[in-house]
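The values are calculated or read from the model by the stated rules, or taken from the named source; none is laboratory data. Quick caveat: nothing in here was measured; it's all calculated off a predicted structure. Don't worry about glycine lacking a Cβ; one is built from the backbone with ideal geometry, like all the others, and counts go over all protein chains shown. Side chains are part of the model used for accessible areas, which takes the heavy atoms of the whole protein and leaves out ligands, DNA and RNA. Shrake-Rupley method; radii C 1.70, N 1.55, O 1.52, S 1.80 Å.
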Amino acid sequence: MDYALTRFTDEVRQAIAATGRVPAALIELTTPKANIPADLAFPTFRAAKALGLPPPQLAADLAAAIPRNETTLIGAVEASGPFLNFSMHPQRLASTVVSEIQARGAAYGHHADGQGRRVVVDYSAPNIARRMHVGHIRSTIIGQTLVNIFRALGYQVIGDNHLGDWGTQFGTVIAAIQRYGRPAAEGEAAMAQLEQLYARYNHELQAQTEQKEQAIVTGQPLPVFDPDLEAEARRWSLALEQGDPQARAIWQWCVDLTLAAAQRNYDRLGIVFDHAYGESFYEAMLPEVIAEALHSEAAYRDVDGSVVAELDKLPRFIIQRNDGGTVYMTRDIATVKFRLRAFDPAKIIYVVDGRQELHFRQLFAIVRAMGYARDVELVHIPFGIVTTPDGQPLSTRKGNMVYLESLLDEAVARARAVVEQKNPELAEAEKAAVAEAVGVGAVIYNDLYQDPRRNISLDWERMLATEGNSATYLQYSHARCCSILRRASEDGGVGPEAASLLLLTHPSETRLLKHLARLPEAVREAGDRYAPFVIAEWCYTTAREFGVFFEQCPVLKADPPALRAARLALVAATARALKNGLGLLGIAAPERM
Ligand code: ARG
């Protein structure tokens, strides 16, 4: 069954066709400008030209000829110059939209467009032995929302966490652990120690390298180091690739430690993957991938022995080093091949930092050149960086980097202060739960409220503002709806069930209802444009329209009782739809705040 707005559009089209005056192919509908009090317009220019009539005349004739039908959502039909304007019938709109939301409940806004076709979303993808920093947070949050949106569109979505768990840097990590011992701490603290070991090792290695260089410059014999840190790291890297049990065991320990630390954050953010294969998973496929790249002539062997590709005027890139080693790109090619075979997807969506834009253009070019993914859409969703409120980029080097666990902790501590101030009577356990929902919600929404390509700033004032475009404001609006409904059931008056929805004709009610009717479209548009902010904007407008309605229309004190019942039903529908919108963004909607 179609949603109200789709039906309205179809009904308008049919009504015009039913006049018998305009051929179906010439019926093109548009959304009227904001200052026009109508919901859909038929600009008659093309049709009038074909019929040899002045457009205003055709519009006027059609306005008179449109059949009136009590069962459609069409209300007023008016000619305005060359336009034929259609408005929705406020009462039928009210009963249709509210009953639709009641009937579909948590699935209101969902579609069957995907018809079970599969979509792979590649997101989060932190690097092993490293803390998750703000860049991975963005991927994690945007990625999960796209997973939710495509599921709501009826696709079968496969979320894969493409862990950075392979590569030459692991030789250094293992060598450092061998040299200095394993970190004792847990969680993010253990990760921080691992990072320090890695840095310390590189620092010492650097010193050895400088001494070697110095000897060469001054013509002295080369110093001999025991151990030689560079050789040691290379040896461990090779041992790992060849499956040496000791190297594998330390590597596995790092993987488990990193995943356990990441999992705590994932749980708080509501992130659930179907797979976390990681780069290492593809190791066995790499020789065959390189052979295929050569065979298909997508790549060639360079004079120095490395395998390189130069495609579509993109800068040339390596898929195998001249020492036989493979790179990030090689594993990404294997990953595409695997995903095609394992999942037969319609699309693969990569949610990765905008600084990897070239990498993905090269990846898509080479897999096409190899003949893979012929009717599969490959999409890179790039995102901007995270800055301080005054626009300074966060960086490890500057020492102002923010890590996920501490970011969430800080958000929740700040949210707690907001909750204390707004609702000091809440029980302790509920305060804690609400603070968690508000803090985590603020972090998530900060990533989603605008185009992912734009940079985001960590501005707590704005992120936790109780008025304005913040998750907190949206959560408050939802909680406010819930509190009205609670009070209504407490005072025992007429509840939302007995609603006489036809009484909802106040302009602010009609505006709110029209907006609620737009959620299904917003979900579709968010999927088409890979743009969660379309849903964020829908939520924000809902909260504002609800605020206007609540200011202009008494609910609990509405008279007669049937009007109170109808308004309560509208409040319940608003709460439901808003909760669905927030849910798609991964934001919790507590009932009390
Ligand atoms: N681990 C990588 C990084 O931190 C991101 C991986 C993204 N996914 C992919 N298939 N390349 O930069």
Query raised in the report: How about the stretch 37-145: which helices (runs of 4 or more DSSP H) wholly inside it have at least 1 residues that are touching a Lys or Arg at 6+ places or on another chain (Cβ under 6 Å) and either open to solvent by 20 Å² or more (accessible area, probe 1.4 Å) or at negative phi (or both)?
Result: 90-104
Report summary line: By residue number, the members of the stretch 546-562 that are modelled with pLDDT of 95 or more and either assigned to a helix (DSSP H, G or I) or in contact with a strand residue (DSSP E or B) (Cβ under 9 Å, 6 or more places away or on another chain) (or both) are Phe546, Gly547, Val548, Phe549, Phe550, Glu551, Gln552
Requested in this report: Please give the number of the condition Phe343 fails out of (1) within 11 Å of the ligand (Cβ to nearest atom); (2) within 20 Å of Gly143 (Cβ to Cβ); (3) out of contact with any Gly (no Cβ under 7 Å at 6 or more places or on another chain).
Outcome: (1)
Report task. Report, by residue number, each residue of the stretch 274-299 that is over 21 Å from Asn127 (Cβ atoms) and open to solvent by less than 60 Å² (accessible area, probe 1.4 Å). Result -> Val289, Ile290, Ala291, Glu292, Ala293, Leu294, Ser296, Ala298, Ala299
**Report entry** Among the residues listed as Val412, Val419, Val434, Val443, the single one being assigned to a helix (DSSP H, G or I), under 27 Å from Ile381 (Cα atoms) and open to solvent by less than 70 Å² (accessible area, probe 1.4 Å)
**Finding:** Val443
Report summary line: Over the stretch 175-230, the set of residues open to solvent by less than 50 Å² (accessible area, probe 1.4 Å) and more than 27 Å from Thr396 (Cα to Cα) is Lys212, Ala215, Pro223, Phe225, Pro227, Asp228
Query raised in the report: Taking the stretch 127-146 as the region of interest, how many residues are modelled with pLDDT under 95 and either near the ligand (Cβ under 9 Å from one of its atoms) or more than 25 Å from Ala522 (Cβ to Cβ) (or both)?
Result: 10
Report summary line: Taking the stretch 305-315 and keeping only residues that are more than 17 Å from Val336 (Cβ to Cβ) and either within 16 Å of the ligand (Cβ to nearest atom) or open to solvent by 80 Å² or more (accessible area, probe 1.4 Å) (or both), one is left with Glu310, Lys313
Query raised in the report: Does Cys482 satisfy being open to solvent by 10 Å² or more (accessible area, probe 1.4 Å) and under 25 Å from Thr145 (Cβ atoms)?
Result: yes
Query - Cβ-Cβ under 6 Å pairs, at least 6 apart or on other chains, the stretch 17-30 side touching a residue at least 60 places away in the same chain (Cβ under 8 Å), far side in a loop (DSSP other than H, G, I, E, B) and open to solvent by 40 Å² or more (accessible area, probe 1.4 Å) - result: none
**Report entry** Number of positions in the stretch 251-273 that are surrounded by fewer than 18 Cβ atoms within 10 Å (Cβ to Cβ) and either on the phi > 0 side of the Ramachandran plot or among the polar types (S, T, N, Q) (or both)
**Finding:** 3
**Report entry** Extreme residue, nearest to Gly135 (Cα to Cα), among residues of the stretch 262-297 that are small (Gly, Ala, Ser) and part of a helix (DSSP H, G or I)
**Finding:** Ala262
Report summary line: Taking the stretch 20-62 and keeping only residues that are of a type in the set (S, T, N, Q) and under 11 Å from Pro82 (Cα atoms), one is left with Thr44, Gln57
Requested in this report: Please state which one of Gly354, Gly324 is within 34 Å of the chain's Cα centre (by Cα), open to solvent by 10 Å² or more (accessible area, probe 1.4 Å) and of a type in the set (Gly, Ala, Ser).
Outcome: Gly354
Query raised in the report: Given (1) farther than 29 Å from Ala531 by Cβ; (2) more than 16 Å from the ligand (Cβ to nearest atom); (3) in contact with a strand residue (DSSP E or B) (Cβ under 8 Å, 6 or more places away or on another chain), where does Thr387 come up short, assuming only one miss?
Result: (1)
Query - Residues (over 23 Å from Arg264 (Cα atoms) and assigned to a strand (DSSP E or B)) located in the stretch 385-407 - result: Thr387, Pro393
Query raised in the report: In this structure, does Ile381 turn out to be within 12 Å of the ligand (Cβ to nearest atom) and either modelled with pLDDT under 95 or open to solvent by less than 30 Å² (accessible area, probe 1.4 Å) (or both)?
Result: yes
